[in-house]
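The values are calculated or read from the model by the stated rules, or taken from the named source; none is laboratory data. Values in this document were obtained by computation on a predicted structure and should not be read as measured data. Neighbour counts are summed over all protein chains in view; Cβ atoms, including those assigned to glycine, are modelled from backbone coordinates with ideal geometry.
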Amino acid sequence: MFTGLIREMATVIAFNNSILRIQSKYIPKIGDSIAINGACLTAIEIFNDGFSVELSPESQNILAMENYKEQVHIEPAMMMGDRFEGHIVQGHVDCLGTITNIINNGNSTDFFISIPKKYIAYVINKGSITIDGVSLTVNEVYTESFRLTIIPHTMQNTLFQNYFIGSKVNIETDLFARYIDNIINKKEQKELSWEKVDSILASY
């Protein structure tokens with residue numbers, strides 16, 4: 001499990017034969033889980049100033065591989081007792097998003113990102129979403145897209161500074177939205193509705 005708070009911007013040394021070699025200040029142990037641009041991967045080799053992970057063909061087909069070069073976001077998995085910030089992130093990428101518009105507002109920047117329509121149900125206004133491993137708050141949801149507002153600190157310390165209209169990004173939607181939607185849509189749970197879910201939550 002992760003939080004969507006980036007530990008550092010690490011440098012990609014090479015990507016050959018499905019092996020991604022990364023130079024970083026953070027050094028994991030062999031077998032450790034680490035999120036790289038939001039995808040949970042396993043450290044398979046450690047060297048003096050970095051580590052390697054392996055990306056399966058399935059991972060390469062799902063992920064925005066164009067962002068796995070030069071610099072990447074890395075976040076080690078949470079440990080028991082760690083302070084919890086951000087939101088609950090599994091490191092399981094649901095789909096790719098496409099940046100359709102970028103608007104500079106002076107002290108912030110709006111990013112509009114489109115995703116496949118089947119996933120928009122898991123994107124909630126003022127809820128959480130993970131973009132290339134970064135935990136962010138959704139500001140507005142549309143039919144097949146949503147809007148994020150990025151503050152200068154995030155722009156300066158993440159890959160958002162490099163994104164442009166047409167850029168692809170890894171998307172992990174909100175864990176709780178996925179689970180609740182799954183419960184509601186199960187055939188044997190047809191009698192459950194969002195109203196009933198709200199009622200159950202309000203009782204705690």
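Computed values, structure above
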read-out	value
Test result for residue 129, in the same structural domain as residue 161 (by TED's automatic domain parsing), of a type in the set (Val, Ile, Thr), modelled with pLDDT under 95 and under 21 Å from residue 176 (Cα atoms)	no
Pick from the stretch 87-142, criterion touching a helix residue (DSSP H, G or I) at 6+ places or on another chain (Cβ under 8 Å) and polar (S, T, N, Q), ranking: surrounded by the fewest Cβ atoms within 10 Å (Cβ to Cβ)	107
Residues satisfying the stated conditions in the stretch 151-183, i.e. among the acidic types (Asp, Glu) and at pLDDT below 95	174, 181
Qualifying residue in the stretch 55-70 (condition: assigned to a strand (DSSP E or B) and either over 25 Å from residue 127 (Cα atoms) or over 19 Å from the mean Cα position of the chain (by Cα) (or both))	no
Qualifying residue in the stretch 22-33 (condition: at positive phi, outside the structural domain of residue 147 (by TED's automatic domain parsing) and surrounded by fewer than 17 Cβ atoms within 10 Å (Cβ to Cβ))	yes
Unique residue being out of contact with any Ser or Thr (no Cβ under 6 Å at 6 or more places or on another chain), loosely packed, with under 13 Cβ neighbours inside 10 Å and not assigned by TED's automatic domain parsing to the domain that holds residue 61 when the list is 162, 157	162
Residue 54 being over 28 Å from residue 176 (Cβ atoms), surrounded by 14 or more Cβ atoms within 10 Å (Cβ to Cβ) and at pLDDT 95 or above	yes
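Yes or no, residue by residue, for (1) without any contact (Cβ under 8 Å) to a residue 40 or more places away in the chain; (2) in a loop (DSSP other than H, G, I, E, B); (3) in contact with a Pro (Cβ under 7 Å, 6 or more places away or on another chain); (4) polar (S, T, N, Q):
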site	(1), (2), (3), (4)
73	no, no, no, no
100	no, no, no, yes
106	yes, yes, no, no
111	no, no, no, no
119	no, no, no, no
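Rundown of residues vs (1) more than 20 Å from residue 131 (Cβ to Cβ); (2) under 20 Å from the mean Cα position of the chain (by Cα); (3) assigned to a loop (DSSP other than H, G, I, E, B), yes/no style:
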residue	(1), (2), (3)
5	no, yes, yes
11	yes, yes, no
15	yes, no, no
20	no, yes, no
26	yes, yes, yes
35	no, yes, no
41	no, yes, no
44	yes, no, no
